[in-house]
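Working notes, beginning with the structure itself.
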Amino acid sequence: MSRAHPVALHLGFLAVLFALGFVLPDYHHGNLARVMVLATYAIGYNLAFGYAGLLSLGHAMFFAAGMYGMGLAIRLFGADPALAMLAGLVAGLVLSLVVGALALRTAGVAFMIVTLMFAQAVYLTILLAGEWTRGDEGFVIQAAERVVLGVDLTGAMARYFAALGVFAVGLLAALRLVTHPFGKALVAIRENEERTRMLGYDTQRLKLGALAVSGTLSALAGAAYGLLFGYAGASFAGVQYSILPLLWVLLGGAGTAIGPFVGTLFMFYLIDLASGVTTAYMLIAGVVLVLLTLFAPQGIVGGARRLFPGWFP
């Protein structure tokens, strides 16, 4: 299968999202903007888990690092939103390198526990630094502070296309990485790390690189979420936001570039529709998720990849 085919497929998908920005009703317009930002977070998670086999239970700390790096740069220093976004990315990159250098000394279950402990430490730090972060209450990013290069991101159309831009960066970066020898080496590590090491690869360096890219993309999503929706809160650093990207990736298809978006969209609307039927909406969502896991263990896009190999890297 030509490498041009998956590129064309993913560019076509972005073109469809672009066109939808002009025709969707207001409710779904706002929902899809939120989904695209969260899907960028899931793409970051997928690079570590789906490709490198690093099952983290603490990725919320990278999402929160981007969100608070951006938000505090504006709140405390009056930074321009574009520079504040850069501050969020740097915060995510630095945190992922520090955590990776320490957590990657472990593997398997120990790695999961260590990442969870780091994430809880970040969450508690946000709460204890309440003088600056407003603790559990969080803080609002004012409308006047959400103007980038003259574009007011509080408007529905501007917010949608800004979210699409963030998602496009995440999707195309992931697509480039996973079709590059670096991505192939990560898959080799996931399948058999010992054999990959015997072939001469520095597996620790590769895993650290994967975690750094993963954490930076997650931070990009966190910074974009805070800027586009005007809020930074400690709940985004909680355990829930470390579990959600794992669910999104598993539902969409781990180890696929577009799977995280599909899983995020599916989960978002499953809960949205179920909550309109009953207050026990999580029960409905849980049953559907169990059935999907049983009958489509490779995820939605993972199943499609079996039918159309080469189209979904």
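Taken together, the values in this text are just the output of simple stated rules run on the coordinates, not laboratory data. Because the structure is predicted, anything quoted here is derived from the model rather than measured. Backbone-built Cβ (ideal geometry, glycine too); neighbour counts: all protein chains shown.
Quick one: Karplus J couplings for the range 77-85, per residue in order, coefficients 6.51, -1.76, 1.60, θ = phi - 60°, nearest Hz, x for Gly and Pro?
Taking θ as phi minus 60°, the curve returns 10, x, 5, 4, x, 5, 5, 5, 4 Hz for the range 77-85.
For the range 16-44 and the range 63-120, what is the separation of their Cα centres, given in Å?
25
Please list, ordered by chain and number, the residues whose modelled amide H lies under 5 Å from the amide H of VAL148; skip anything fewer than 5 residues away on the same chain.
HN-HN under 5 Å from VAL148: LEU153.
Do the sum for the chain: with -39,500 (n - 2.57) for every DSSP H run of n ≥ 4, divided by all residues, what is the mean residue ellipticity at 222 nm, to the nearest 500 deg cm²/dmol? Don't jump to the answer; show the numbers that get you there.
Values: 14 runs with 226 residues, N = 313.
Value at 222 nm, helices only: -24000 deg cm²/dmol.
Give a residue-ordered list of calculated ³J(HN,Hα) values for the range 290-306 (Karplus: 6.51 cos²θ - 1.76 cosθ + 1.60, θ = phi - 60°; whole Hz; x for Gly, Pro).
Once θ is set to phi - 60°, the couplings for the range 290-306 become 5, 4, 5, 5, 6, 9, 9, x, 8, x, 5, 6, x, x, 5, 5, 5 Hz.
Going by how many other beta carbons lie within 10 Å of each one, how would you line up TRP248, TRP132, fewest first?
Values: TRP248 28, TRP132 13.
So the residues, fewest neighbours to most, are TRP132, TRP248.
Show me the ranking of peptides 283-292, 72-81 by mean Cβ neighbours inside 10 Å, starting with the highest. Mind dumping the intermediate values first?
Details: 283-292: 13.9, 72-81: 16.8.
Highest-to-lowest ranking by the protection proxy: 72-81, 283-292.
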